[in-house]
1. Counting each pair of different Cα atoms once, what's the Kirkwood radius of segment 99-161 in Å, rounded to one decimal?
2. Run the quick spin-label model on Arg153 and Gln103: label points 7 Å from Cα toward the beta carbon, then report their separation in nm to one decimal.
3. Want the number for Thr121 to Leu67: 0.36 nm per residue separation, take away the alpha-carbon distance, what's left?
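Every number in this text was worked out from the coordinates using simple rules, so none of it is lab data. Just so you know, these numbers come straight off a predicted model, no measurement behind them. FYI the Cβ positions are ideal-geometry reconstructions off the backbone, even for glycines, and counts take in every protein chain you see.
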Amino acid sequence: MTRQSIVEHIPGLRRYARSLTGDPWAADNLVQDTLERACSRWRLWLAGTDLRAWLFTLMHNLFVSQLRQVQRQTAQGRSVDVEEVAHELLATQATPGLGLDLQRCLLRLPMDQRAVLLLVTVEEMSYAEVAKITGVPVGTVMSRLSRARDRMRELMDEPREAPGRAVAEPVAPRPAPVFVRLK
């Protein structure tokens with residue numbers, strides 16, 4: 001494993017991270033965390049094996065871990081920074097007229113289906129590679145991919161919003177955040 005061999009995979013890692021998170025800043029943080037972990041654990045990579053698959057596995061596992069951590073914190077009713085929430089609200093309002101484009105449709109897929117769809121279609125990985133990265137059997141990869149494609153067709157066929165009118169999207173209920181003013 002050389003620096004150049006890792007650098008070659010950064011564009012693919014960024015695409016996958018952006019699709020997983022839906023946010024360019026969070027995606028860049030995820031890529032950075034992945035590269036830090038790869039550098040700190042380079043001895044765990046077996047020479048002669050697929051470096052690309054190893055890096056994507058690291059990223060996938062990091063994302064799932066971070067997602068679980070956020071869910072645990074939310075379930076425990078941890079406090080939320082007011083400025084952070086305000087920034088997120090402004091960011092969503094800063095992009096007016098977002099219709100049901102591809103990115104929004106992708107983000108409406110369940111995470112497991114989205115990951116499989118992106119790895120197979122965008123990163124052009126085989127079902128076996130995706131199974132290794134996600135830690136599920138090949139048959140599960142195939143069924144998730146089929147469900148993801150079907151759901152994407154449904155989402156893309158939904159009527160686009162007219163200018164000035166918003167299309168209602170189903171939103172999962174979230175626990176109310178606890179706001180704490182920071183000094």
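1. Computed over Cα pairs of segment 99-161, the Kirkwood hydrodynamic radius comes out at 11.9 Å.
2. 2.7
3. 17.1 nm
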